[in-house]
Amino acid sequence: MAISTTATQNAAYEAPRSGTWDGGNEPFKASYGKLMMWFFLLSDAFTFAAFLTTYGMVRHRHLAYTGTPEAFKFSTAYWPIPEKVFNAFPGLHGYDIPLAFVALMTMILIVSSVTMVLAVEAGHRMDKDDVQKWLLWTILFGGMFLGCQAWEWAHFISGTDEGTLMADGSRFFGANLTMNQYGPVLFADLFFFITGFHGTHVFSGVCLLVYAFIATTNGTFHKRGHYEMVEKIGLYWHFVDLVWVFVFTFFYLI
Amino acid sequence: MAHHAPEHDYNAEGHAVHGKPNVKPILRALAWIVGITAFEFLLAFVMDASTLRNSIFIILTIFKAFFIVAEFMHLRHETKGLIWSIMIPMALLIWLLVALVSEGSFVGEAIFNAYK
């Protein structure tokens with residue numbers, strides 16, 4: 001009798017995390033790690049939403065440009081229209097090619113998102129070679145995006161050939177945090193903060209992908225029996241793509 | 001690790017796991033996202049800036065976001081509880097946007113039109 005009582009009391013220790021009040025329930029049918037990645041991304045979404053909302057607020061606080069796009073000139077009196085600020089393309093100096101480069105960057109990031117889904121999908125099939133292949137493609141596209149952003153920043157900072165005639169009669173080229181040739185001071189500040197914060201996310205994403213590639217190559221995930229780590233990093237990577245979709249619309253299109 | 005043919009790989013449950021890759025829904029989502037982006041890009045040139053154009057951009061962006069979150073991030077295939085616990089907090093942001101953007105307009109109004 002004494003033995004059976006002990007056995008009942010010890011049930012929770014013999015089969016841990018299986019009872020209703022012992023973590024045995026999985027109402028969301030997702031692992032702890034995936035769930036926490038989702039909630040982290042939710043909080044990150046709030047951060048980016050705050051940035052983009054700030055952009056909307058600051059933009060509405062300034063006057064809007066009312067003339068035709070052809071007659072547009074840079075001025076601190078009104079908010080610049082994006083197609084006149086972002087109209088350069090690498091290797092085509094002096095041509096007016098509005099938004100083409102940023103559209104290319106968008107495509108690169110979307111394609112990297114697809115190669116990431118394919119890596120996750122290969123992980124479900126425990127296909128190590130495919131996981132490696134698609135992770136490498138994702139790293140490549142992620143790196144390409146970062147390179148594009150570096151060029152974009154360099155161009156934004158160094159400015160156009162003409163620059164802008166400032167109120168004191170001098171010419172100013174490019175942008176820094178206190179002065180810029182494109183429009184109100186906050187325009188360049190928001191450009192640096194929003195695209196910079198996003199670029200930092202892409203950079204950490206690439207670091208995580210490199211880690212996942214090394215661990216996959218070493219067979220770490222295969223020995224573990226699942227590729228959930230690739231899935232979690234995938235969630236993060238898609239989120240970075242998602243944020244870019246919004247940055248593209250609010251910063252470059254509208 | 002022993003070298004072996006793919007059909008002898010097993011997952012944690014001990015099932016053979018080498019199936020055919022199922023990429024059709026992924027490519028369909030990709031086609032939608034690329035198509036919408038191309039359309040937005042086109043619209044930026046053929047249509048003059050207006051509230052209507054901005055509204056179209058925002059609606060199309062939400063469509064793109066749907067494909068990324070539902071298909072790429074797999075949220076469509078998660079439980080209802082998880083879907084709601086992500087979507088309800090996100091809905092709060094709509095008010096943040098409305099409140100602060102109109103606040104920005106009021107601040108601008110105060111700066112530029114206060115003495116008119």
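The values are calculated or read from the model by the stated rules, or taken from the named source; none is laboratory data. In this text the structure is predicted, and so the values were computed from the model without any measurement. Cβ coordinates were reconstructed from backbone atoms using ideal geometry, including for glycine residues, and neighbour counts include every protein chain displayed. Keep in mind that these areas ignore ligands, DNA and RNA; they rest on the heavy atoms of the full protein, side chains included. Shrake-Rupley method; radii C 1.70, N 1.55, O 1.52, S 1.80 Å.
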Exercise for the section: Consider residue A:103 carefully, then state whether it is touching a His at 6+ places or on another chain (Cβ under 9 Å) and either closer than 15 Å to residue B:45 by Cα or assigned to a loop (DSSP other than H, G, I, E, B) (or both). Expected result: no
Exercise for the section: For the stretch A:48-78, name all the residues that are open to solvent by 40 Å² or more (accessible area, probe 1.4 Å), away from chain B (no Cβ under 11 Å) and among the polar types (S, T, N, Q). Expected result: A:76
Completion exercise
(1) farther than 25 Å from residue B:74 by Cα; (2) of a type outside the set (S, T, N, Q); (3) within 16 Å of the chain's Cα centre (by Cα) all hold for residue A:169 apart from (3)
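Rundown of residues vs (1) assigned to a helix (DSSP H, G or I); (2) open to solvent by 30 Å² or more (accessible area, probe 1.4 Å); (3) over 20 Å from residue A:56 (Cα atoms); (4) within 10 Å of chain A (Cβ to nearest Cβ), yes/no style:
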residue: B:45; (1), (2), (3), (4): yes, yes, yes, yes
residue: B:53; (1), (2), (3), (4): yes, no, no, yes
residue: B:64; (1), (2), (3), (4): yes, no, yes, yes
residue: B:71; (1), (2), (3), (4): yes, yes, yes, yes
residue: B:84; (1), (2), (3), (4): yes, yes, yes, no
residue: B:90; (1), (2), (3), (4): yes, yes, no, yes
Exercise for the section: Taking only the stretch B:101-116 into account, find how many residues are within 20 Å of residue A:46 (Cα to Cα) and open to solvent by less than 60 Å² (accessible area, probe 1.4 Å). Expected result: 3
Problem - Selection from the stretch B:64-116 of residues that are assigned by TED's automatic domain parsing to the domain that holds residue B:36 and closer than 19 Å to residue A:52 by Cβ - result: B:64, B:65, B:66, B:68, B:69
